[in-house]
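Student: Right, I'll just put the structure down here and ask away after.
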């Protein structure tokens with residue numbers, strides 16, 4: 001098992017004069033399921049297209065399985081890509097869609113048939129082999145697209161927003177399916193997403209990107225619990241982030257005096273860490289929403305907006321109510337300037 | 001009540017205006033007399049039969065068929081790749097090229113014909129047939145590009161990239177994935193081009209020479225000499241041919257989607 005199965009070295013990507021990725025270094029392990037995560041425009045899709053060979057890097061090199069493929073055309077790289085739109089061939093049946101790449105390899109007909117049947121079976125579509133893509137549901141189309149890539153036995157399988165076009169129930173199903181296929185085939189998979197929940201649920205490791213630069217790389221646990229930057233913290237649900245000053249913490253509207261024991265940088269709280277109903281600070285409820293097991297509040301305080309959640313069984317506050325709250329130091333995530341973040345403990 | 005009758009009147013007038021001339025021509029061709037007249041002098045089908053025996057009609061029909069079929073095919077051979085390039089690649093002056101390609105539709109045929117005669121046929125010594133062929137190709141080209149372009153724009157470009165990643169070359173992706181999915185558009189462009197070329201008068205007028213005439217030009221000159229109902233009969237047959245082609249195309253292709 002190679003630790004540098006896919007290796008991007010000093011990769012620089014641009015569309016014409018617009019630089020998307022200035023210089024990227026990334027090593028992907030053999031057999032892992034890795035997510036490229038970030039908001040739109042962060043360069044995640046561009047990076048994926050470069051790995052596939054659909055766009056040429058300005059500078060830098062791409063290695064796959066120890067071979068420099070930087071100049072290898074896309075059709076010779078042996079990489080699969082499941083498009084967000086699925087990109088199925090509408091004029092061909094499900095069977096012929098899956099057989100497409102195999103036939104190009106000049107494989108004999110019996111071999112093609114057995115491989116396609118196996119491929120359709122793997123994704124549970126054997127009974128729909130004769131259907132055209134237009135006669136299939138979104139979930140089925142996606143599985144067909146997946147199967148079409150998998151029968152080629154690619155070295156790396158790339159997936160562009162694999163769950164975004166599916167409804168909640170299918171999403172869960174597909175997630176399980178992808179993990180199962182990855183375990184069974186051992187194929188290295190790279191998927192692109194803007195949804196942190198999707199990345200957390202599916203990936204062995206997550207590459208968080210911002211403006212073409214890797215902001216943080218680590219396991220789901222590491223990114224969720226130990227975000228390395230303000231951007232990462234914000235992306236993984238620390239919705240209350242404030243700068244630390246000598247006297248207290250500073251938001252976009254004002255500051256909150258208090259002792260926070262942190263010297264510099266930022267302090268961050270998840271909505272669930274904010275205490276509502278008691279505490280030294282005062283604010284006005286400007287928004288409340290019921291979300292099943294919990295209630296979500298937006299509280300307008302001296303330093304700006306505070307997002308908080310409380311168990312639904314707690315006392316309910318209405319819009320306009322004055323409410324006491326606390327930002328407890330225990331449970332806050334501290335992001336000092338230029339150093340690693342730490343969990344504050346009292 | 002009034003508005004209902006008003007709208008019926010308008011629809012009736014419109015239909016009369018559109019279909020009326022067609023009916024008049026059909027009936028005029030069915031005349032039993034020797035001169036083109038409406039209403040016809042008695043009824044017979046002799047002129048409908050006679051047109052098939054006129055030698056110059058046979059020759060010019062063959063030429064018009066040749067121009068319509070091969071001119072349109074050539075326009076497609078040039079136009080399909082051009083449309084593909086415009087839709088898929090960010091080519092320099094893409095918009096300009098689209099406008100230039102559309103020019104033969106916008107510029108009056110008389111001017112196109114005169115220009116081709118003055119700057120191609122006379123100085124370069126092209127034969128009349130070659131000049132006609134080039135002119136018809138050029139006239140059909142805008143339709144080929146436009147119609148194919150609209151069906152290409154409805155096709156996701158992801159599909160070609162998917163084909164490439166499955167091992168196709170760029171050209172292979174075009175023939176295996178793009179072409180089968182735009183064949184309706186290509187066929188529609190062919191029919192539209194065929195009809196346009198076949199009915200073309202002003203350009204052909206300038207480029208016809210001794211013994212080489214397209215059918216519409218031949219009909220014009222025939223009428224100058226002989227004023228019998230055979231021209232009406234032939235017109236009716238040609239109009240009927242166009243209607244059949246478009247009807248069949250609509251029935252099997254949903255022709256109107258592309259035009």
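Every number here is computed from the coordinates shown, using simple stated rules; none is lab data. Predicted model only: the values in this text are computed from it and were never measured. Glycine gets a Cβ as well: all are built from the backbone with ideal geometry, and neighbour counts include every protein chain shown.
Student: Computed on alpha carbon atoms, what radius of gyration and Dmax characterise chain B, expressed in Å?
Tutor: For chain B, the Cα-based Rg and Dmax read 22.1, 72 Å.
Student: Oh, and also: Please order A:315, A:58 by the number of other Cβ within 10 Å, starting at the fewest. Before the final figure, lay out the partial values.
Tutor: Numbers: A:315 9, A:58 14.
Ascending Cβ contact count within 10 Å gives the list A:315, A:58.
Student: P(r) tail for region A:198-254, what percent of Cα pairs lie past 16 Å?
Tutor: The answer is 49 percent, as a whole percent.
Student: Picking from A:232, A:330, A:94, which is most flexible by a Gaussian network model of chain A using Cα springs under 10 Å?
Tutor: In this elastic network of chain A, the residue with the biggest mean-square fluctuation among A:232, A:330, A:94 is A:330.
Student: For helix A:138-150, report the angle its Cα long axis makes with the longest principal axis of the Cα atoms of chain A; keep it between 0 and 90° and round to the nearest 10°.
Tutor: Compared with the principal axis, the helix lies near 60 degrees.
Student: Pick from A:238, A:191, A:89: which residue has the top mean-square fluctuation in a GNM of chain A where Cα pairs under 10 Å get a spring?
Tutor: For chain A, modelled as a Gaussian network with Cα springs under 10 Å, the answer is A:89.
Student: Same structure again: Can you tell me the order of A:212-223, A:316-327 when each peptide is scored by its average per-residue count of other Cβ atoms within 10 angstrom, highest first? If you can, show how the numbers build up before the last one.
Tutor: Values: A:212-223: 17.7, A:316-327: 14.8.
Averaged packing, sorted descending, gives the order A:212-223, A:316-327.
Student: Which whole-number percent is the relative contact order of chain B (Cα, under 8 Å, 6+ apart)?
Tutor: Relative contact order of chain B: 30 percent.
Student: Now, a different point. Which value at 222 nm does the protein assembly as shown reach when only helices count, each DSSP H run of 4 or more adding -39,500 (n - 2.57), with the total divided by all residues and rounded to the nearest 500 deg cm²/dmol? All intermediate terms of the calculation are to be shown ahead of the outcome.
Tutor: On the way: 21 runs with 266 residues, N = 605.
Counting only the DSSP helices, I get -14000 deg cm²/dmol.
Student: Within 10 Å of each residue's Cβ, count the other Cβ atoms and sort A:194, B:136, A:334, A:127 from fewest upward. Working shown, then result.
Tutor: On the way: A:194 18, B:136 28, A:334 21, A:127 10.
Arranged by neighbour count, lowest to highest, A:194, B:136, A:334, A:127 become A:127, A:194, A:334, B:136.
Student: Pick out which of A:140, A:196, A:263 has the largest mean-square fluctuation in a Gaussian network model of chain A, springs linking Cα atoms closer than 10 Å.
Tutor: Result: A:263 has the largest fluctuation of those listed.
Student: Where in region A:161-205 does the label zone of residue A:63 land, with the point 7 angstrom along Cα→C-beta and an amide N cut-off under 16 Å?
Tutor: none
Student: Follow-up question, since we're still on this one. To the nearest 0.05, how large is the calculated FRET efficiency for residue B:38 and residue B:253 if R₀ is 30 Å and r is the Cβ-Cβ distance? If you can, show how the numbers build up before the last one.
Tutor: Details: r = 36 Å, r/R0 = 1.20.
Rounded to the nearest 0.05, the efficiency is 0.25.
Student: Considering only C-alpha atoms, what is the centroid distance from region B:105-156 to region A:121-159, in Å?
Tutor: Computed from Cα coordinates, the inter-centre distance equals 46 Å.
Student: While we're on this one: Averaging over all projection directions, find the projected area of the Cα convex hull of region A:13-141 and quote it in nm² with one decimal place. It would help to have the intermediate numbers written out before the result.
Tutor: Values: hull surface 40.2 nm².
Over every viewing direction, the Cα hull of region A:13-141 projects on average to 10.0 nm².
Student: Let me ask you something else. Rounded to whole Å and sorted largest first, what semi-axes of the equivalent ellipsoid does the C-alpha gyration tensor of the protein assembly as shown yield via the square root of 5 times each eigenvalue?
Tutor: Details: eigenvalues 957, 192, 116 Å².
Three semi-axes, in Å: 69, 31, 24.
Student: Between the alpha-carbon centers of region A:1-51 and region B:26-75, tell me the distance in whole angstrom.
Tutor: Cα centroid of region A:1-51 versus Cα centroid of region B:26-75: 69 Å apart.
Student: Any idea how far apart residue B:14 and residue A:264 come out in nm if each label point goes 7 Å out from Cα toward Cβ?
Tutor: 7.8 nm
Student: Compute the normalised compactness of region B:187-239: alpha-carbon radius of gyration over 2.2 N^0.38 Å, N being the residue count. Don't jump to the answer; show the numbers that get you there.
Tutor: Working: Rg = 12.5 Å, N = 53, 2.2 N^0.38 = 9.9 Å.
Computed over Cα atoms of region B:187-239, the ratio equals 1.26.
Student: Please label the shape of region A:237-343 as rounded, prolate or oblate, based on the square roots a ≥ b ≥ c of the eigenvalues of the alpha-carbon gyration tensor (a/c under 1.5 means rounded; beyond that, a/b larger than b/c means prolate, else oblate). Don't jump to the answer; show the numbers that get you there.
Tutor: Values: a/c = 2.28, a/b = 1.64, b/c = 1.38.
It comes out prolate by the Cα gyration axes.
Student: A further question follows. Among B:250, B:161, what is the fewest-to-most ranking by other Cβ atoms within 10 Å?
Tutor: Details: B:250 15, B:161 22.
Fewest to most other Cβ atoms nearby, the residues stand as B:250, B:161.
Student: Let me ask you something else. Hey, if you drop one equal point scatterer on each alpha-carbon of chain A and run the Debye formula without solvent, what base-10 log of I(q)/I(0) do you get at q = 0.07, 0.13 Å⁻¹?
Tutor: -0.40, -1.02
Student: In addition: Which angle from 0 to 90°, rounded to the nearest 10, does the C-alpha axis of helix A:168-185 make with the longest principal axis of chain A?
Tutor: Around 60 degrees separate the two axes.
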